[in-house]
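Q: One structure is given below, represented as structure tokens, and several questions about it will come after.
The values are calculated or read from the model by the stated rules, or taken from the named source; none is laboratory data. Quick caveat, the model's predicted, so the values are computed rather than measured. Backbone-built Cβ (ideal geometry, glycine too); neighbour counts: all protein chains shown.
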């Protein structure tokens with residue numbers, strides 16, 4: 001993500017929360033739809049190359065406001081900046097242990 005200039009990159013460990021559907025969220029944002037798409041493509045490429053994992057489901061590539069890549073135990077959220085501010089996933093899952101990356 002950082003290779004494609006993603007901003008606000010963080011991972012949230014959801015394993016200790018009772019209501020989670022996956023183990024981790026990885027979240028970032030970018031200022032344009034083109035950049036959101038580039039980050040999503042890069043994540044898919046790197047997950048296939050380095051972790052030998054294919055995305056199970058994806059949503060949002062057609063509108064580029066909020067792309068979700070589902071790897072079963074890891075769900076990647078790539079937002080346009082204003083949508084990340086609006087949905088505030090980190091606040092919804094505030095009990096999760098969160099790690100920030102620069």
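Q: Mind listing whichever residues of the stretch 67-95 are more than 25 Å from residue 18 (Cβ to Cβ) and in a strand (DSSP E or B)?
A: 67, 78, 79, 80
Q: Filter the stretch 9-50 for residues that are more than 15 Å from residue 70 (Cα to Cα) and in contact with a helix residue (DSSP H, G or I) (Cβ under 8 Å, 6 or more places away or on another chain); which is surrounded by the fewest Cβ atoms within 10 Å (Cβ to Cβ)?
A: So, considering only residues that are more than 15 Å from residue 70 (Cα to Cα) and in contact with a helix residue (DSSP H, G or I) (Cβ under 8 Å, 6 or more places away or on another chain), the one surrounded by the fewest Cβ atoms within 10 Å (Cβ to Cβ) is 31.
Q: Any residue at all in the stretch 31-47 that's outside any strand (DSSP E or B), at pLDDT 95 or above, within 10 Å of the chain's Cα centre (by Cα) and closer than 18 Å to residue 100 by Cβ?
A: Looking through the stretch 31-47, at least one residue is outside any strand (DSSP E or B), at pLDDT 95 or above, within 10 Å of the chain's Cα centre (by Cα) and closer than 18 Å to residue 100 by Cβ.
Q: Can you tell me which of 67, 55, 43 is touching a residue at least 40 places away in the same chain (Cβ under 8 Å) and touching a strand residue (DSSP E or B) at 6+ places or on another chain (Cβ under 6 Å)? Walk me through how you get there before you give the answer.
A: Details: 67 fails: touching a residue at least 40 places away in the same chain (Cβ under 8 Å); 55 fails: touching a residue at least 40 places away in the same chain (Cβ under 8 Å).
Within the list 67, 55, 43, the selection yields 43.
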